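Remarks on the structure that follows.
The values are calculated or read from the model by the stated rules, or taken from the named source; none is laboratory data. Fair warning: this is a prediction, and the values are worked out from it, not measured in the lab. When we count neighbours, we look across all protein chains shown, and the Cβ atoms used for this are built from the backbone with ideal geometry, even at glycine. Side chains are part of the model used for accessible areas, which takes the heavy atoms of the whole protein and leaves out ligands, DNA and RNA. Shrake-Rupley method; radii C 1.70, N 1.55, O 1.52, S 1.80 Å.
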Amino acid sequence: MSALLFAPLLAWPVLGGGGLAPLRASLTQLWQDAAWGARPLGLDVVGPADPFSALLALIGSLSPAEPSRAIVVLWILALPLAVLGGWFAATRVTESSLLRITA
């Protein structure tokens with residue numbers, strides 16, 4: 001049921017809006033954001049990056065030509081990967097396939 005409700009989200013404009021802002025255009029800029037440097041906190045603020053910036057740089061490195069594309073692909077694969085993880089977790093609890101599907 002949730003896979004059917006997830007289908008309209010596969011349109012690119014829906015995935016690009018809201019809190020899913022585009023990443024930097026190049027890997028160099030992406031990794032510079034993940035290191036030490038100027039921060040948008042105030043005037044002349046220099047400091048370390050948020051650890052999530054390193055995670056975004058790592059995921060963005062999977063698609064060097066377009067780093068934002070890797071985030072969109074991960075967003076699309078999130079539901080199937082969660083279902084697969086739930087299935088494998090249910091295999092540790094029960095042998096019944098009906099209970100695995102229900103879980």
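Residue pairs whose Cβ atoms lie under 9 Å apart, sitting 6 or more positions apart in sequence or on different chains, and linking a residue in region 71-87 that is closer than 24 Å to Leu99 by Cα and in a helix (DSSP H, G or I) to a partner that is at pLDDT 85 or above and among the aliphatic types (A, V, I, L, M), are Leu81/Leu74.
So which residues in region 47-94 are surrounded by fewer than 11 Cβ atoms within 10 Å (Cβ to Cβ) and within 17 Å of Ala34 (Cβ to Cβ), if there are any at all? Within region 47-94, Gly47, Pro51, Phe52 qualify.
For region 26-46, a tally of residues being open to solvent by less than 90 Å² (accessible area, probe 1.4 Å) and touching a strand residue (DSSP E or B) at 6+ places or on another chain (Cβ under 8 Å) returns 4.
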